[in-house]
Amino acid sequence: MNALPPATDRDAPDLSRLLGQDYWMVTSTPVAGTTSEDIAALAPAHIAWLLDLEERHLVFLSGPLVSGPGVGAGSGVTVLRASDDVEATAIASADPFVTAGLRTFVVHQWRLNEGSVSMRLSLGRGTYEWH
């Protein structure tokens, strides 16, 4: 078995370089009895709502949860740019899935510190790659 060499002070991360950007993570859970058909019927309104938020620079990331404990039709995560939990809650409350009573949500303050995003955009070919 190959063991890693012991960490040294030279290997320690520079914590001052962590991003430290706060966002609001909204975890959405379907209400008992919500079906895939219920979600499909309101999906166009939900997506239009998200695209409006995106245009207003309020959505950082969003998408459905597709597997894991308790995941069902209507489960999802949205990361918002909001000034505080009150604004984030107000935004999440306007989700068409929420207003129709198909799902509930919880708002978490989330601090983004590390990660990596890579994208290649070809203007001439009109293509992109996301990694």
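Brief remarks follow.
- The residue list 41, 48, 32, 92 contains one member that is among the hydrophobic types (A, V, I, L, M, F, W, C) and not in a helix (DSSP H, G or I), which is 32.
- Residues located in the range 53-89, provided they are in a loop (DSSP other than H, G, I, E, B), at pLDDT 95 or above and touching a helix residue (DSSP H, G or I) at 6+ places or on another chain (Cβ under 7 Å): 58, 82
- Residues in the range 27-40 include at least one that is on the phi < 0 side of the Ramachandran plot, free of Cβ contacts under 8 Å to residues at least 24 places away in the same chain, of a type in the set (Gly, Ala, Ser) and surrounded by fewer than 10 Cβ atoms within 10 Å (Cβ to Cβ).
- Single match in 98, 107 (criterion: within 13 Å of the chain's Cα centre (by Cα) and closer than 24 Å to residue 49 by Cβ): 107
The values are calculated or read from the model by the stated rules, or taken from the named source; none is laboratory data. Source: prediction; values computed, not measured. With ideal geometry, Cβ positions are generated from the backbone for all residues, glycine too; neighbour counts draw on all protein chains shown.
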